[in-house]
Amino acid sequence: MDSMEQIYSQYYDTVFQYLLSLCRDASWAEELTQESFFKAMKSIDSFRGECKLSVWLCQIAKNTLYTEMKRNKRQADIPPEDLPSENDMESDLFRKDSAFHLHQLLHDLEQPYQEVFWMRTFGELSFKEIGLLWGKTESWARVTYHRARMKIKERAK
């Protein structure tokens, strides 16, 4: 088994991005990521290798998020994708000065990112509906949408 330091450096971004896609708050996602790795460190001996280590870590992260939502009495009945985002890129699409540029960036995205982003932003479909349309899971739709957003942000720089 790798040392926890190696595991942390290898999987930090994966766990952080996963939590960010769920809670849409960078500072909270960072706190949850730290807490998740602390929990993983305490229970690393229970990891049996029946799944990828990244899957195990993300499961701990998701459980940590839900525990914190309950503990802090956050709106647990609101789906994480509906929580407000600090930099709401979608609202930029409706401002004339940046809409054309963002549409160009979106047009240049490869599939399935382009279509998932369109379905979520303009079609106002839930991640569950997007997953059903693609024959995939809700989590797949969520991750694909998040990756599309990241690709657009990277290309916009």
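The values are calculated or read from the model by the stated rules, or taken from the named source; none is laboratory data. As the structure is a computational prediction, the values presented were derived from the model and not from experiment. Positions of Cβ are backbone-derived with ideal geometry, glycine not excepted, and every protein chain shown enters the neighbour counts.
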For residues that are in contact with a Leu (Cβ under 9 Å, 6 or more places away or on another chain) and over 22 Å from Arg142 (Cα atoms), scanning just the range 11-44, find the one that is surrounded by the most Cβ atoms within 10 Å (Cβ to Cβ). Ala40
I'd like to check something: does the range 113-133 contain any residue that is more than 18 Å from Arg24 (Cβ to Cβ), at pLDDT 85 or above and in a loop (DSSP other than H, G, I, E, B)? no
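For the range 1-96, please list each of the helices (runs of 4 or more DSSP H) lying entirely inside it that holds at least 1 residues being at pLDDT below 85 and within 21 Å of Thr144 (Cα to Cα).
On the way: elements: 4-23, 26-42, 53-71, 89-92.
Result: 4-23, 53-71, 89-92.
Considering each residue of the range 123-145, count those that are touching a residue at least 24 places away in the same chain (Cβ under 8 Å) and either over 14 Å from the mean Cα position of the chain (by Cα) or buried (at least 19 other Cβ atoms within 10 Å of the Cβ) (or both), and give that number.
Residues flagged as touching a residue at least 24 places away in the same chain (Cβ under 8 Å) and either over 14 Å from the mean Cα position of the chain (by Cα) or buried (at least 19 other Cβ atoms within 10 Å of the Cβ) (or both) within the range 123-145 amount to 6.
Being over 17 Å from the mean Cα position of the chain (by Cα), in a helix (DSSP H, G or I) and at negative phi: is that true of Leu109 here?
Values: over 17 Å from the mean Cα position of the chain (by Cα): yes; in a helix (DSSP H, G or I): no; at negative phi: yes.
Taking the combined requirement at face value, the residue does not satisfy it.
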